[in-house]
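Participant: Before I ask anything, let me first share the structure, which is written out below as structure tokens.
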Amino acid sequence: MADLTWRPAPRSRLTAASPPRSPKWRLLPSAVVLGVVAVTVLVVPLFVELNEQYVDLAIANRPPSAAHLFGTDELGRDVLLRCVYALRVSLTVGVVAAVISAVAGTAVGALAGSIGGWFDRIVMRVVDAIASVPHLLLGIVIVAILRPSLSAVIISIALTHWLTAARIVRSEVLSLRTRPFIDAAIMGGATRLQVMTRHLLPNVAPQVLLATTLMVPHAVWHETALSFLGLGLPPHAASIGNMINDAQRSLLIGGWWMSLAPGLLLIVTTLAVSGVSGVWRDRLNPKRRTELTW
Amino acid sequence: MTNAHPGPATRGTARSIGRIALRRLAFAVPVLLVVSFALFVLAKASPFDPVERYFGVRIIGASPERVAQLRENWGVDEPVVAQYWAWLTHAVTGDLGDSLSLQQPVSAVIGDRLGWTVLLVSVGFALALVLGLLLGTLAAWRQGSWLDRSITGSCYALEAAPVFWLGLAVLYVFALQLRWLPGGGVTTGSEPPSVGGVALHMVLPVTVLAISQAPWFVLFVRQNLLESFTQDHVIGARSRGLPDHLVVSGHALRTSLLPFLTLLGARLPELITGALLVETVFSWPGIARATVEAALNVDFALLGALTVMATGVVLLGNLLADVLYALADPRVALDG
């Protein structure tokens, strides 16, 4: 017979997702790190007369010490100082490329969303087609055509990253189009252009800005990868990718500090950027999952 | 899971899977054509002339007849569409032209290297999946514990770390300092490749590729599991007094794995990108080296073929993910 004695239910650890901790926990450290990075990257090169290209073979390949916090590279250049300049270059590339791709994506997405019909269908198919090509490969092709240079890298990143912005803007515009205030504007005699610039674009602006900030780490990562492959910025320019590429050789003779510093700096900066924009996104659309992309 | 719907439903499933596959193929073929044509136009628009490239400085001494002969043979002065058509008709029969930088037919270049890349990518992907499922489940199960926190924390950090930096770190520690494992290539010295030797050389690159891809899977599995813990069928299973491990493996994981299948297809481009970088770090004899060489030497025949091929793989991956989804979730299949 079945055992009918009462037994306590097994202790279970399966619980619903706990509510996310207060955004302060993410915002504060991220903002502080971002602030420090921004100040260092923007201000240090202005006020401190140190040459990041300064070569001193006498102190080449020194491990970290009090004088050189992250050591020196194979030409005796200070790794920390080069990191600051490298981050400056990488962030510039990232921000410029993100802004260009956001503008291009917004234009395409807004046009597709507001015109609709066969135009929308064709444009979105093209977006899907481009999205099927692995980003880095497409970037490599573009760099190969334009030859490795700063502008080639920026163009290659912009051309591969506008798809996200286009998709976001299109879907936002599609949902905004059905709202009463747009009907009201059209009834009030607004032209297509006026509806677009006065009513649609201002309403997608927050989403676009958010997408742009989230795109910056992506763009920086892309630049780093291209430079690492030798297809990015010119070899003498200090960028995170170039520094890690150079540091490969030194690894063989035990110079771990030359690749450690730029990598760590990049990780910390990326985490800070995504931390801040994650809090922002939760404010913007609280229903979205917070965990997946932080 | 299709067993739950025997009879007509199964036949319906097969039919709608066929329909999904057809629809995907109907999208894939034009995409491949568009991508290859766009690459072709870009290559033609670039200021590089393959004939000048072929001669190099010798073009100064070369006789004009010979140059003209070569231009004629290669058809470089014909309209782009005619050239593209010629390329396409040859490509369909497996002739992808010659690689200028490596002085070999493109199909030979790819054929020599593709196997190594496929080996690296497939084993790395499988390991990333296993890691993602295991760690994601553990983290969701022990939500809020130190284990969960350290798993999710390291996932965020790994997401932010460039994969080649990770590769260099692993290379330095395990190959150069500890000397446990070989750090580059597939063989040591000049010995012929053997199964054991290749397996040993694979450990580091495969691990790096896997741990660079795993974070997305881990976080995704964790999030979906946590959501499924509040669903009726899971609460029902718990209220019947089933122990946690059965609830998780039998009830919660099953439903939360459905969206996971779509993620598999969506992650393919990143996987290919990651493989390119990992191969470069570990001097793996796959297609990465050839890709970079082709780009540096403006070798469009090779670069174009590689890009079109990677796009084809991505499209095929999406097709497979859709089919798997339809197989796993009869609702999708019945909807068509």
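Participant: Being under 28 Å from A:Gly241 (Cα atoms) and open to solvent by 10 Å² or more (accessible area, probe 1.4 Å) is true for just one of B:Pro259, B:Pro269. Which residue is that?
Facilitator: B:Pro269
Participant: Report yes if some residue within the range A:226-237 is in a helix (DSSP H, G or I) and in contact (Cβ under 8 Å) with a residue 40 or more places away in the chain; otherwise report no.
Facilitator: yes
Participant: Quick one: count up the residues across the range B:135-174 that are closer than 20 Å to B:Ser249 by Cβ and exposed (fewer than 14 other Cβ atoms within 10 Å of the Cβ).
Facilitator: Matching residues across the range B:135-174 total 1.
Participant: Moving on. How many residues are more than 7 Å from chain A (Cβ to nearest Cβ), among the small types (Gly, Ala, Ser) and open to solvent by less than 10 Å² (accessible area, probe 1.4 Å) when one looks only at the range B:291-304?
Facilitator: 1
Participant: Does B:Leu327 count as assigned to a helix (DSSP H, G or I), more than 9 Å from chain A (Cβ to nearest Cβ) and open to solvent by 50 Å² or more (accessible area, probe 1.4 Å)?
Facilitator: Numbers: assigned to a helix (DSSP H, G or I): yes; more than 9 Å from chain A (Cβ to nearest Cβ): yes; open to solvent by 50 Å² or more (accessible area, probe 1.4 Å): yes.
When the stated conditions are applied, B:Leu327 passes them.
Participant: Looking at the structure I just gave you, is B:Val109 more than 11 Å from chain A (Cβ to nearest Cβ) and open to solvent by 30 Å² or more (accessible area, probe 1.4 Å)?
Facilitator: Against the criterion (more than 11 Å from chain A (Cβ to nearest Cβ) and open to solvent by 30 Å² or more (accessible area, probe 1.4 Å)), B:Val109 does not qualify.
Participant: So, one more: Which of (1) in contact with a Gly (Cβ under 7 Å, 6 or more places away or on another chain); (2) within 17 Å of B:Ala328 (Cβ to Cβ) is the odd one out, the single condition B:Leu268 does not satisfy?
Facilitator: Every listed condition holds for B:Leu268 apart from (2).
Participant: Of all residues in the range B:274-290, how many are open to solvent by 10 Å² or more (accessible area, probe 1.4 Å) and within 7 Å of chain A (Cβ to nearest Cβ)?
Facilitator: Final tally of qualifying residues: 2.
Participant: If you scan the range A:223-253, which residues turn out to be within 9 Å of another protein chain (Cβ to nearest Cβ) and either open to solvent by less than 20 Å² (accessible area, probe 1.4 Å) or aromatic (Phe, Trp, Tyr) (or both)? Show your work before the answer.
Facilitator: Taking the range A:223-253 and keeping what is within 9 Å of another protein chain (Cβ to nearest Cβ), we get A:224-225, A:228-231, A:240-241, A:244-245, A:247-248, A:251-252.
Scanning the range A:223-253 gives A:Thr224, A:Ala225, A:Phe228, A:Leu229, A:Leu231, A:Ile240, A:Gly241, A:Ile244, A:Ala247, A:Leu251.
Participant: If you go through the range A:38-50 one residue at a time, do you hit one that is among the small types (Gly, Ala, Ser), open to solvent by 40 Å² or more (accessible area, probe 1.4 Å), modelled with pLDDT of 70 or more and farther than 20 Å from A:Asn242 by Cα? Walk me through it before giving the result.
Facilitator: Let us first name the residues in the range A:38-50 that are among the small types (Gly, Ala, Ser), namely A:38.
Add one more test, that the residue is open to solvent by 40 Å² or more (accessible area, probe 1.4 Å), and what stays is A:38.
Right, trim to modelled with pLDDT of 70 or more and you get A:38.
Of the ones still in play, those that are also farther than 20 Å from A:Asn242 by Cα are A:38.
Yes, the range A:38-50 contains a residue that is among the small types (Gly, Ala, Ser), open to solvent by 40 Å² or more (accessible area, probe 1.4 Å), modelled with pLDDT of 70 or more and farther than 20 Å from A:Asn242 by Cα.
Participant: Related question: Just one of (1) surrounded by fewer than 21 Cβ atoms within 10 Å (Cβ to Cβ); (2) touching a Gly at 6+ places or on another chain (Cβ under 9 Å); (3) more than 14 Å from chain A (Cβ to nearest Cβ) trips up B:Gln177, so point out which.
Facilitator: Exception for B:Gln177: condition (3).
Participant: Is it the case, given these coordinates, that A:Gly105 is in contact with a His (Cβ under 9 Å, 6 or more places away or on another chain), at pLDDT 80 or above and within 14 Å of chain B (Cβ to nearest Cβ)? First the steps, then the outcome.
Facilitator: Values: in contact with a His (Cβ under 9 Å, 6 or more places away or on another chain): yes; at pLDDT 80 or above: yes; within 14 Å of chain B (Cβ to nearest Cβ): no.
No; evaluated as a whole, the condition is false for this residue.
Participant: Is it true that B:Leu127 is more than 10 Å from chain A (Cβ to nearest Cβ), under 30 Å from A:Arg26 (Cβ atoms) and in contact (Cβ under 8 Å) with a residue 60 or more places away in the chain?
Facilitator: In short, no.
Participant: Tally time: how many residues in the range A:254-265 are facing chain B (nearest Cβ under 7 Å) and in contact (Cβ under 8 Å) with a residue 40 or more places away in the chain? Before the answer, list the steps.
Facilitator: Here is the first cut: in the range A:254-265, the ones facing chain B (nearest Cβ under 7 Å) are A:256, A:259, A:263.
Still in the running and in contact (Cβ under 8 Å) with a residue 40 or more places away in the chain: none.
Final tally of qualifying residues: 0.
Participant: Please state which of the following conditions A:Thr164 fails to meet, knowing it meets all the rest: (1) open to solvent by 10 Å² or more (accessible area, probe 1.4 Å); (2) without any contact (Cβ under 8 Å) to a residue 40 or more places away in the chain.
Facilitator: The one condition A:Thr164 does not meet is (2).
Participant: Looking for something more than 25 Å from A:Ala225 (Cβ to Cβ) and either of a type in the set (Ser, Thr, Tyr) or touching a Pro at 6+ places or on another chain (Cβ under 8 Å) (or both) - is there at least one such residue anywhere in the range B:158-179?
Facilitator: Initial filter on the range B:158-179 (more than 25 Å from A:Ala225 (Cβ to Cβ)): B:177-179.
From what's left, either of a type in the set (Ser, Thr, Tyr) or touching a Pro at 6+ places or on another chain (Cβ under 8 Å) (or both): none.
No - not one qualifying residue is present in the range B:158-179.
Participant: Restricting attention to the range B:131-147, and to residues there that are free of Cβ contacts under 8 Å to residues at least 60 places away in the same chain and closer than 16 Å to B:Leu225 by Cβ, which single residue is farthest from the other protein chains (Cβ to nearest Cβ)?
Facilitator: Going through the qualifying residues, I end up with B:Leu134.
Participant: Further, regarding this structure: Would you confirm whether any residue within the range A:117-130 is within 14 Å of chain B (Cβ to nearest Cβ), open to solvent by 20 Å² or more (accessible area, probe 1.4 Å) and in contact with a Pro (Cβ under 9 Å, 6 or more places away or on another chain)?
Facilitator: Yes - at least one qualifying residue is present in the range A:117-130.
Participant: Which residue out of B:Val221, B:Val198, B:Val208 is within 12 Å of chain A (Cβ to nearest Cβ) and either aromatic (Phe, Trp, Tyr) or part of a helix (DSSP H, G or I) (or both)? Step through it out loud before you land on a result.
Facilitator: Values: B:Val198 fails: within 12 Å of chain A (Cβ to nearest Cβ); B:Val208 fails: within 12 Å of chain A (Cβ to nearest Cβ).
Answer to the selection: B:Val221.
The values are calculated or read from the model by the stated rules, or taken from the named source; none is laboratory data. Not measured: the values here are computed from a predicted model. Because the Cβ atoms are built from the backbone with ideal geometry, glycine has one as well, and the counts that use them run over all protein chains shown. Protein only, heavy atoms only, side chains kept; ligands, DNA and RNA dropped before computing areas. Shrake-Rupley method; radii C 1.70, N 1.55, O 1.52, S 1.80 Å.
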